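The values are calculated or read from the model by the stated rules, or taken from the named source; none is laboratory data. Note that this is a predicted model, so its numbers are computed, not measured. No Cβ is skipped: glycine too gets one built from the backbone with ideal geometry, and neighbour counts run over all protein chains shown.
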Amino acid sequence: MEGVIRVLKAVTFDLWNTVIRTKPGEDIDGAVTERLAGVLEQCGYERPKAKITEATIECRNKVLDLQVNEGREMPPKEQVTWILAALDISASAELRADFYKAYTTVTLEQLPEPIPGVARVLAQLQETLDLALICNTGKTPGSVARIILERLGLKKYFTHLIFSDEVGVAKPHPKIFEQTLAALAVRPEQTVHIGDDPRTDVRGARNIGMHTAWLAHGRDSGGVKCDLIVHEWKDFLGWVQERVTR
């Protein structure tokens, strides 16, 4: 339309619990433990499954702490090294490779599902805006996340997929947002980032001048400082549309 000012040019999305989620009832931690125990047994190492679970959960907590509080990335290969050390195992290259595969690909067997309604949202936004993904990778590296998105039919909506294990830093570190903006060739104020974590998604995007939307999933705002609290996708679509066409 002639005379329309496009205030927004792009939308960036968090991945987990914003675009996809673990299917209800799936026990990913249990599946990881079973896979790792199987790898270790084949190589002559026996460790109690409770000990393996304890090590993987402690590693996950360490990863999250580094990401949230320092913006540091602990990539899956480093996580595997940490877990093997916690289990007091000096691993051969072959064992390490098998352990890594078992640790990082469980979500290909227990495939996540799209967040309800997100595919329609992505399709509608794609008509007028460029879309990118900014993901903090826990045990699932970007190489595996791309396969998940492809299998779920969601990869086609994004022009850029940015993963912390490939960038070397994690949200809320400014570098991962800045790299995404550079790829999209947009300024911070021309972009809105939506995610479910106020510590990494909202704080990180807000700190570099992006618009921010918090996907609340029924939670109380608890003082979250953002441009929009999203309880329903229609609210987000309406907010974005106002800033594209006004």
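Against the conditions (1) crowded, with 16+ Cβ neighbours inside 10 Å; (2) under 18 Å from the mean Cα position of the chain (by Cα); (3) not acidic (D, E), N69 satisfies every one except (1). If you go through the range 34-62, how many residues are under 18 Å from K139 (Cβ atoms) and of a type outside the set (K, R)? Residues in the range 34-62 being under 18 Å from K139 (Cβ atoms) and of a type outside the set (K, R): 15 in total. Against the list (1) touching a Phe, Trp or Tyr at 6+ places or on another chain (Cβ under 9 Å); (2) in a loop (DSSP other than H, G, I, E, B); (3) touching a residue at least 60 places away in the same chain (Cβ under 8 Å); (4) of a type outside the set (D, E, K, R), the condition A91 fails is (3). Taken over the range 174-196, the criterion of being under 17 Å from N136 (Cα atoms) and touching a helix residue (DSSP H, G or I) at 6+ places or on another chain (Cβ under 8 Å) is satisfied by P174, K175, I176, F177, Q179, L181, H193, I194, G195.
The single residue among E178, E150 that is within 18 Å of Q67 (Cβ to Cβ), without any contact (Cβ under 8 Å) to a residue 40 or more places away in the chain and among the acidic types (D, E) turns out to be E178. Among the residues examined, A102 does not qualify as outside the structural domain of G138 (by TED's automatic domain parsing) and without any contact (Cβ under 8 Å) to a residue 12 or more places away in the chain.
You will find that of V11, V63, the residue that is at pLDDT 95 or above, surrounded by 18 or more Cβ atoms within 10 Å (Cβ to Cβ) and either assigned by TED's automatic domain parsing to the domain that holds R187 or under 30 Å from T245 (Cβ atoms) (or both) is V11 and no other. Please state which of the following conditions P112 fails to meet, knowing it meets all the rest: (1) of a type outside the set (G, A, S); (2) under 25 Å from D197 (Cα atoms); (3) out of contact with any strand residue (DSSP E or B) (no Cβ under 6 Å at 6 or more places or on another chain). Against the list (1) of a type outside the set (G, A, S); (2) under 25 Å from D197 (Cα atoms); (3) out of contact with any strand residue (DSSP E or B) (no Cβ under 6 Å at 6 or more places or on another chain), P112 comes up short only on (3).
Once the range 21-60 is narrowed to residues that are surrounded by 15 or more Cβ atoms within 10 Å (Cβ to Cβ) and polar (S, T, N, Q), the residue that is nearest to the chain's Cα centre (by Cα) is T22.
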